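A.B. asks: Quick one: the structure is below, and I'll ask about it shortly.
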Amino acid sequence: MSGLFITIEGPDGAGKTTVTQRVAERLLNEGFEVVMTREPGGIPIAEQIREVLHDTKNTAMDSRTEALLYAAARRQHLMEKVRPALEQGKVVICDRFVDSSLAYQGYARGLGVDEVWSINQFAIEGFLPVRTYFFDITPEEGLRRIEASAIREVNRLDEEGLAFHQKVYEGYQKLLEKFPERIVRIDAGKSIPEVEEEMYTHIRQDLNMVY
Ligand code: TMP
């Protein structure tokens, strides 16, 4: 596949969406064909699954159902949007991918990272990003930022307590150890322009490898 697949990860409230949009705009202005997308969602079928997953009324949802729905949304998005764009040689930047399922469902929900990895293999068939940027922020600071932000949509997982978000963070630390070549840590505790600059510098190097 000729394009470049990059994913963005991190705890809730890390500011990854804002920063990534700014970086994507810079790359577009430089003439790169960039597709910025997100999980769960990015296409109508997966956005519908997102609504079910994130609806705060769905308190009865079983953890395995949750993991399967994220994997189902991932599959559809990969086949309908990500792979076709990569086949056309584009840069695809996806806000969350399989690492979110490993950290949130595998580790924090306690389903087991290996089990969640295996159901995701059915969905992604071994297809992984070339690079993943992990926006590193403590769960306390992430939750503080969510509470301070009036515009951000609050989802079912945001409503989990600090203990859950601490486990998510621990889960990500384990993924950083497991995939040291693929996952790059970005210090998301800095100001937005500083984080933007750090991510831009890294991503520009990734682009130089391919284009
Ligand atoms: P976001 O769009 O604000 O990042 O929200 C997505 C939420 O869904 C966030 O709380 C993380 C969660 N999530 C999972 O638990 N597992 C997954 O596989 C994905 C993609 C997201």
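The values are calculated or read from the model by the stated rules, or taken from the named source; none is laboratory data. Owing to the predicted nature of the structure, the values given are computational and were not obtained by experimental measurement. Don't worry about glycine lacking a Cβ; one is built from the backbone with ideal geometry, like all the others, and counts go over all protein chains shown. Accessible surface is based on the protein model in full, side chains and every heavy atom, while ligands, DNA and RNA are left aside. Shrake-Rupley method; radii C 1.70, N 1.55, O 1.52, S 1.80 Å.
A.B. asks: Grab the helices (runs of 4 or more DSSP H) fully contained in the range 1-118, keeping just those with 3 or more residues being modelled with pLDDT of 95 or more, in contact with a Leu (Cβ under 7 Å, 6 or more places away or on another chain) and surrounded by 15 or more Cβ atoms within 10 Å (Cβ to Cβ). Walk me through it before giving the result.
C.D. replies: Working: elements: 16-29, 44-54, 63-77, 83-87.
Qualifying helices (runs of 4 or more DSSP H): 44-54, 63-77.
A.B. asks: Need pairs with beta-carbon distance below 7 Å; first residue charged (D, E, K, R) and within the range 31-44, second away from the ligand (no atom under 14 Å from the Cβ) and outside any loop (DSSP other than H, G, I, E, B); sequence gap 6+ or separate chains.
C.D. replies: Here the result reads 33/91, each pair linking the range 31-44 to a residue that is away from the ligand (no atom under 14 Å from the Cβ) and outside any loop (DSSP other than H, G, I, E, B).
A.B. asks: OK, next. Scan the range 45-75 for residues that are within 25 Å of residue 132 (Cα to Cα), of a type in the set (A, V, I, L, M) and in contact (Cβ under 8 Å) with a residue 40 or more places away in the chain and jot them down.
C.D. replies: Correct list: 53, 67, 68, 71, 72.
A.B. asks: Scan the helices (runs of 4 or more DSSP H) fully inside the range 123-211 and keep the ones with 2 or more residues being open to solvent by 70 Å² or more (accessible area, probe 1.4 Å) and closer than 18 Å to residue 18 by Cα. Give the derivation first.
C.D. replies: Values: elements: 139-148, 162-178, 192-210.
In the range 123-211, 139-148, 192-210 are the helices (runs of 4 or more DSSP H) which contain 2 or more residues that are open to solvent by 70 Å² or more (accessible area, probe 1.4 Å) and closer than 18 Å to residue 18 by Cα.
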